[in-house]
Amino acid sequence: MSEVKISQANVLVTGVGAIIGQGVIRSLRACGHPVKIIGLDRSARSPGADWCDVFVQKPTCDERSDGYLDFWRNLIRKEHIDLVLPGLEVDVLFLDEQREILASQNDGCALALNHSALISLAGDKWLMHEFLEDYGMPTIPTMIEVGWDDALEGLGAAPVLLKPRQGNGSRGIVRLHDREDFTYWTRKAVGPWMLQRIVGSDEEEYTVGSFGLGGGRAVAPIVMRRRLSGAGNTLQAEVVEHPLIEKKVADLNMLLKPVGPTNYQFRVQEGEAYLLEVNPRFSSSNSLRTGFGYNEARMALDYFLMKRMPPAPEIRHGIGWRYSEDYIVHDRDPV
């Protein structure tokens, strides 16, 4: 790819009221390129809104409406957006559906999106499970919408996991210890669900950042052993060298051919690394990876906007923690 020289990039980051978007902002500030950050969110009441150079609030209209598409087209034109970095899954889905229309705005606004086939496949955990099985990849024993007795016969003794087929992180995931749990939680489930054997332990769970370059190629990954918060986000992460997981990521990259930021999550048991899920976008641990030298926002600037291969990152080892902190702003009108 030939390099494109830019003096300043106008970068739109979505979901700046949430952890992923805020992490992307921090990564952009550390990227070394001159950037103007335009933040987008439903609410203006968050630290993320103050961390941007310009903040824009989403309209209240239905995001499936023509009016919402017009909002995006006008925003890209008004702010001269060069690159869009989506921080929410809902924005990834919208941008993917409208990528041809929006990429034609402002003389070619770049969208940091994975390819449509992977976005669609990763959006349904059961379809991903079937896909990997078809290609002979080791998978966690999984069943969809069966009764309790059939689940125990197929998956083994309780506890087992109830997972929504759609969604990410740990939202909606519940451990079922008995028939009473099964009856209660399956009745409360919103949307299709599946049951899965529990593999590995909390101490052997890993999150991996891999920046896809298409055709099965990718920037060398960063592997982190993680500990989760109650909300299902990474609370603590330690950079580790793990040849088994690195080989698994290389195999998955050849199979899925990701483009741009891609997050793989694994558990390891008895010498095998089992894929938990794929997030074909920025994930909640993106700013933690930046702290260790793996800046996916910078890679996105290089690859999607400047049309060049991202330089190989110099990954540092260590442990990172995520913690809560007060953020006070005075002289704002009350809600």
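The values are calculated or read from the model by the stated rules, or taken from the named source; none is laboratory data. Values in this document were obtained by computation on a predicted structure and should not be read as measured data. Glycine also receives a Cβ, built like all others from the backbone with ideal geometry; neighbour counts cover every protein chain displayed.
General observations
- Number of residues in region 59-89 that are of a type outside the set (Gly, Ala, Ser) and under 21 Å from the mean Cα position of the chain (by Cα): the value is 7.
- Among the residues of region 260-275, those that are closer than 26 Å to Ser116 by Cβ and without any contact (Cβ under 8 Å) to a residue 60 or more places away in the chain comprise Asn263, Tyr264.
- Note on region 7-41: among residues that are surrounded by fewer than 15 Cβ atoms within 10 Å (Cβ to Cβ) and assigned to a loop (DSSP other than H, G, I, E, B), the one that is modelled with the lowest pLDDT is Ser7.
Yes/no per residue for (1) out of contact with any Leu (no Cβ under 9 Å at 6 or more places or on another chain); (2) under 30 Å from Gln98 (Cβ atoms):
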| site | (1), (2) |
| --- | --- |
| Phe131 | no, yes |
| Tyr135 | no, no |
| Thr139 | no, no |
| Asp149 | yes, no |
| Glu153 | yes, no |
| Ala158 | no, no |
| Gly172 | no, yes |
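- Residues that are within 18 Å of the chain's Cα centre (by Cα) and among the aliphatic types (A, V, I, L, M) within region 193-214 comprise Val208, Leu213, listed in sequence order.
- Search result, residues across region 94-125 that are of a type in the set (Gly, Ala, Ser) and crowded, with 16+ Cβ neighbours inside 10 Å: Ala103, Ala110, Ala112, Ala122, Gly123
- Yes/no for Val54 being β-branched (Val, Ile, Thr), crowded, with 20+ Cβ neighbours inside 10 Å and outside the structural domain of Met309 (by TED's automatic domain parsing): no
- When Gly147, Gly167 are checked against the criterion of being modelled with pLDDT under 95, outside the structural domain of Gln269 (by TED's automatic domain parsing), surrounded by fewer than 19 Cβ atoms within 10 Å (Cβ to Cβ) and not hydrophobic (A, V, I, L, M, F, W, C), Gly167 stands alone in meeting it.
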